[in-house]
Amino acid sequence: MMAGTGATEGADMSSTPAAPALAGHQFTRGMPADHVAALSGAARHIKVPARHRLFDEGGTADRFWLIQAGQVALDMHVPGRGLVVIEALGMGDVIGWSWLYPPYQWRLGAIAMRPTQAFEVDGPAVREMCAADAGFGYELTRRFLAVVVNRLQATRSRLIDLSTRSPDWP
């Protein structure tokens, strides 16, 4: 299922999280309280069942998730191998950064490997907040840059690993 076309259909939606709950997540730890409060206005708490696909590579990127519990695998299509898991993410991790940068398309896919609870955050709303408040935008961009660097390193390591194995290796 593609993001932007009901990626959280089948997920249990809850109300907007209180800022203190969001402030406890590793990604927002140390963020100014007014920035966390603004972010919480664009977030909602969700529960996703195991095997639920959050988004597919190439789909429209319009949100991100802050994982509270569970596990989500990031995957990508590798020619000759099909879908390959690049990284498994869990509590305290962030899913999705493609919503922040044009062309707003997912670079990887994501599927819940276990029942997962997360804060789902509206990407376009957060982009508007970044444009309206340079301090908020800088803080968020700085944090997402660290996510991007870690994700690229994980992808690089996984692809190097795949290149040294025979094609029939999973």
Report, by residue number, each residue of region 92-138 that is among the acidic types (Asp, Glu), under 17 Å from Gln26 (Cβ atoms) and at pLDDT 95 or above. Glu120
Among the residues that make up region 59-70, is at least one of them under 19 Å from Val149 (Cβ atoms), touching a strand residue (DSSP E or B) at 6+ places or on another chain (Cβ under 8 Å), assigned to a loop (DSSP other than H, G, I, E, B) and aromatic (Phe, Trp, Tyr)? no
Complete set of residues in region 74-99 that are aliphatic (A, V, I, L, M) and either under 30 Å from Pro20 (Cβ atoms) or free of Cβ contacts under 8 Å to residues at least 12 places away in the same chain (or both): Leu74, Ala88, Leu89, Met91, Val94, Ile95
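The values are calculated or read from the model by the stated rules, or taken from the named source; none is laboratory data. Computed from a predicted model, the values in this text were never measured in an experiment. In this analysis, Cβ positions are derived from the backbone assuming ideal geometry, glycine residues included, and neighbour counts consider all displayed protein chains.
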